[in-house]
Amino acid sequence: MTDEKQLFQLVADKDFLLLDSHLTKFTPFDVLKLKNHEIRHSNMLAWLLNPEESHGLGFSFLEQFVLALAESQDSVTSFLTKLHSSTAKPYVTVRREAESKEKRRVDLLVKCTLAAENNMNKDNSFVILIENKIYSRQRKDQLKDYLEHAKKQNPNSTIIPVYLTLDEEDEPSEPDYCHLTHKQILEIVRKLVKKERSCKAERAALSFLEYYLAALEELTGMDTENQELARGIYRKYKKVIEYINQNAESDIAIAGRLFIENYNKGKGHEQLIELKHSRSKFFPFTDGELRQTEGGLSDDWREGNICGYFFEWKNSDSDSYEGNISLKVEIGPFENETQRNEFLDLLKSKGFKTRTRKTNTYTRLSYEKQPQRAKNIEDASDEEELLKAMTSLFDGTKEMRKALHKCLDSYKNKKEHKDEK
């Protein structure tokens, strides 16, 4: 039985009350249900990208947006060079929901002309095509269709196509696209808000930008002030918080256990095993092959193994049961960093793509021959809907898991051979 006194201390703690007030504070984006809707975010971007709009930022947001793309395309560098060297004021137009030939709607088209319209040529007119995704995913040939449409409609312009996503792993299917994330948009807005505060900008526009910044921080999980409060509360009340977590099962945990139970029926050759560190939006598990690997850290959620699977749930807003679920495969930290790098090199040589976080201790895997897409969920409280999506996602990784198991066998054999020497 957990300590009831500590529970009472938690709910009366000043930091806990402060965190609660932060999470429940008023913002117009919450009231209007805007913060997770792609269309509304695209409207915000259209407002910010237009230098003539009422935000008072002039070209600042557009310039910072293009700077964030500069590493992806040579044409972006050319655009920046011409933008800075132009003596005439650039002419910018922003279009929303332009319809392509396939009746699809392009989220944003930003046209920037660095000379008079009657002197337009390919060297001085640029069109930034932006496809904005938050929880939805790109459809087949969608990006290709948009790019062809933009080129046809703007034959004398240089096209800079941009795929803007919340999920940094959702790479554009077309190689011509720059990949930008909402975390990068957050950093741009944060920088501009800081600058406007120091300049004592007009309060109404600045307040609106601050609300948008708060919405982006929540959307991207980058609300550092609240995260630090949460970490401090957890350190003080770890025992009672873990008790609550262990005894309050989430919908994803219930569905995850059903998935494992159903999958293991008649699958004696490949039994799945639930791992202990399940959370409200995170359900980890492993299989027999992955369970036999050694060399990982014991306090990691993989429990000493080097690799594991997990289902990840993302809801469209904090009060909604709508969102998407995805299946991730992740290589964890090793006791021996050299062996970790050798294993990652082996995976890359066998058709895997790797994405390593900045800490260099966690690496997500995807398989070139069998790309994975998240499944949209209308109601995450519906265990059957979650179960169906989980089963479909896992079944869709059959070839990937087969290749992963072969890599694990090669890695183990090589390691055993070295140990014998």
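In table form, for the structure just shown:
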item	result
Computed E for Gln9/Asn156 - FRET, C-beta separation, R0 56 angstrom, nearest 0.05	0.25
Pairwise label distance in nanometres, Arg231 with Lys388, each label 7 Å out on the Cα-Cβ vector	4.1 nm
Calculated FRET value between Leu83 and Lys348, using beta carbons and R₀ = 35 Å, to 0.05	0.40
Accessible surface of Thr338 - all protein chains present, 1.4 Å probe, nearest 10 Å²	90 Å²
Net length gained if the chain between Asn376 and Asn262 were fully extended (0.36 nm per residue, minus Cα distance)	38.9 nm
Members of Lys5/Lys314; Lys151/Lys328; Lys314/Lys350; Lys276/Lys314; Lys111/Lys375; Lys375/Lys402 lying beyond 25 Å, as alpha-carbon distances in this model show	Lys5/Lys314; Lys151/Lys328; Lys314/Lys350; Lys111/Lys375
For region 337-406, the fraction of alpha-carbon pairs in successive 10 Å shells from zero, as %	17, 38, 29, 14, 1
Carbon/sulfur fraction of accessible area - region 337-392, other protein chains in place, 1.4 Å, %	43 percent
Heavy-atom surface of region 290-399, accessible at 1.4 Å and reported per residue (Å²)	51 Å²
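The values are calculated or read from the model by the stated rules, or taken from the named source; none is laboratory data. All values reported here derive from a predicted model rather than from experimental measurement. Positions of Cβ are generated from backbone atoms using ideal geometry, with glycine treated the same way; all protein chains shown enter the neighbour counts. Quick note on the areas: whole protein, heavy atoms, side chains included, nothing else; ligands and nucleic acids left out. Shrake-Rupley method; radii C 1.70, N 1.55, O 1.52, S 1.80 Å.
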